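A.B. asks: Below: one structure in structure tokens.
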Amino acid sequence: MEQKIAILMADLSGYTALTEIHGASSAADLVDKYVEIVEKCLVGDSQLKERTGDEVMIVSSSPDLLLATADMIMKNTTRQEYFLQVHGGLHYGQVLIRNNSYFGSAINITARIAAKASPGTFLCSGDFINALADKTTIKFHSKQKHRFKNLSEEMEVAEVLNAQNRKLVIDPVCRMLIQDKASGIQHQEIKHSYFCSRTCLDIFNNNPDAYVATGGLN
């Protein structure tokens, strides 16, 4: 059976770095927490269809419901202490559904859009925006046209703007969010740089040129 659906792919930015620094067990715990958050954010008929490592694929018959789901995921993950930022892509297109699995170029396009997204952002295709019944609930910022592998024509891409007004404090080594600065370890010399642990601080001090020492997102 073929039908048009809305597709969201999202994963955790910095997952590899976190695994390397804090170990597989901590990383697995964080993925479990991520899936739990995602499941609580599903709006309407949005369904978590696949999970591979830290990447999830969510589908819905409605782009509006999937956009609301994406917004909820972004808001709820950003509020978590010692968590990672999410990034992902949204697209609307034709898929083949067989044996409860999804096939077609729309899946590949969504994955490629997601790969272009910076930490803490969702990108979406022009097809996704055009399919929305209500385009006023969330604002978008055009990222112009992009060329994706195996596509003959460039595709219009836009960033989904969220209501995040404050700067996020991020451990530059393991990339985890630090919500409460009092619980983190502040660098003695670099202003606004915080670390989740003495381990990350020591790693940074041993090779500071390998990391971006910043307490927020630009």
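A.B. asks: Can you pull out every residue in the stretch 120-138 that is under 30 Å from Val169 (Cα atoms) and in contact with a Phe, Trp or Tyr (Cβ under 9 Å, 6 or more places away or on another chain)?
C.D. replies: Scanning the stretch 120-138 gives Cys124, Ser125.
A.B. asks: Could you tell me how many of the residues in the stretch 53-64 are within 17 Å of Lys33 (Cβ to Cβ), surrounded by fewer than 22 Cβ atoms within 10 Å (Cβ to Cβ) and not small (Gly, Ala, Ser)?
C.D. replies: 1
A.B. asks: In addition: If I go through the stretch 24-36 residue by residue, how many of them are open to solvent by 50 Å² or more (accessible area, probe 1.4 Å), over 21 Å from Ile203 (Cβ atoms) and of a type in the set (A, V, I, L, M, F, W, C)? So that I can check it myself, show each step before the final result.
C.D. replies: At the first step, the residues of the stretch 24-36 found to be open to solvent by 50 Å² or more (accessible area, probe 1.4 Å) are 24-26, 29, 32-33, 36.
Applying the additional criterion that residues be over 21 Å from Ile203 (Cβ atoms) yields 32-33, 36.
Subset that is of a type in the set (A, V, I, L, M, F, W, C): none.
Residues that pass the stated criteria total 0.
A.B. asks: With the condition being within 17 Å of Thr137 (Cβ to Cβ) and hydrophobic (A, V, I, L, M, F, W, C), I'd like the strands (runs of 3 or more DSSP E) fully within the stretch 40-123 carrying at least 1 qualifying residues.
C.D. replies: 86-98
A.B. asks: With the structure loaded, tell me whether Leu84 is in contact with a strand residue (DSSP E or B) (Cβ under 6 Å, 6 or more places away or on another chain), farther than 26 Å from Ile129 by Cα and not acidic (Asp, Glu) or whether it fails that test.
C.D. replies: Against the criterion (in contact with a strand residue (DSSP E or B) (Cβ under 6 Å, 6 or more places away or on another chain), farther than 26 Å from Ile129 by Cα and not acidic (Asp, Glu)), Leu84 qualifies.
A.B. asks: Find the residue count for the stretch 65-76, including only residues that are open to solvent by less than 30 Å² (accessible area, probe 1.4 Å) and of a type outside the set (A, V, I, L, M). Working first, answer last.
C.D. replies: Step one: of the stretch 65-76, the residues open to solvent by less than 30 Å² (accessible area, probe 1.4 Å) are 66-67, 69-70, 73-74.
Imposing the further condition that a residue be of a type outside the set (A, V, I, L, M) reduces the set to 69.
The total comes to 1.
A.B. asks: I'm trying to understand the selection: among the residues of the stretch 133-163, which are modelled with pLDDT under 85, exposed (fewer than 13 other Cβ atoms within 10 Å of the Cβ) and part of a loop (DSSP other than H, G, I, E, B)?
C.D. replies: Arg147, Lys149, Asn150, Ser152, Glu153, Glu154, Ala163 - these are the residues of the stretch 133-163 that are modelled with pLDDT under 85, exposed (fewer than 13 other Cβ atoms within 10 Å of the Cβ) and part of a loop (DSSP other than H, G, I, E, B).
A.B. asks: Which count do you get for residues in the stretch 95-114 that are surrounded by 15 or more Cβ atoms within 10 Å (Cβ to Cβ), farther than 14 Å from Ile5 by Cα and of a type outside the set (D, E, K, R)?
C.D. replies: 3
A.B. asks: Shifting gears a bit: Quick one: Glu81 ticks every box in (1) touching a residue at least 40 places away in the same chain (Cβ under 8 Å); (2) under 11 Å from Asp11 (Cα atoms) except a single one, so which number is it?
C.D. replies: For Glu81, the exception is condition (2).
A.B. asks: Go over the candidates Ile7, Ile21 one by one and state the one that is modelled with pLDDT under 95 and either part of a helix (DSSP H, G or I) or open to solvent by less than 10 Å² (accessible area, probe 1.4 Å) (or both). Break it down into steps so the answer makes sense when it comes.
C.D. replies: Numbers: Ile7 fails: modelled with pLDDT under 95.
Of the residues listed, the single one that is modelled with pLDDT under 95 and either part of a helix (DSSP H, G or I) or open to solvent by less than 10 Å² (accessible area, probe 1.4 Å) (or both) is Ile21.
A.B. asks: Quickly run through the stretch 115-132 and pick out the residues that are within 18 Å of Gln3 (Cβ to Cβ) and either open to solvent by 10 Å² or more (accessible area, probe 1.4 Å) or not hydroxyl-bearing (Ser, Thr, Tyr) (or both).
C.D. replies: Asp127, Phe128, Asn130, Ala131, Leu132, listed by residue number.
The values are calculated or read from the model by the stated rules, or taken from the named source; none is laboratory data. Quick caveat, the model's predicted, so the values are computed rather than measured. All Cβ positions, even for glycine, are placed from backbone atoms using ideal geometry, and neighbour counts span all protein chains on display. Surface areas here come from the heavy atoms of the whole protein model, side chains and all, with no ligands, DNA or RNA. Shrake-Rupley method; radii C 1.70, N 1.55, O 1.52, S 1.80 Å.
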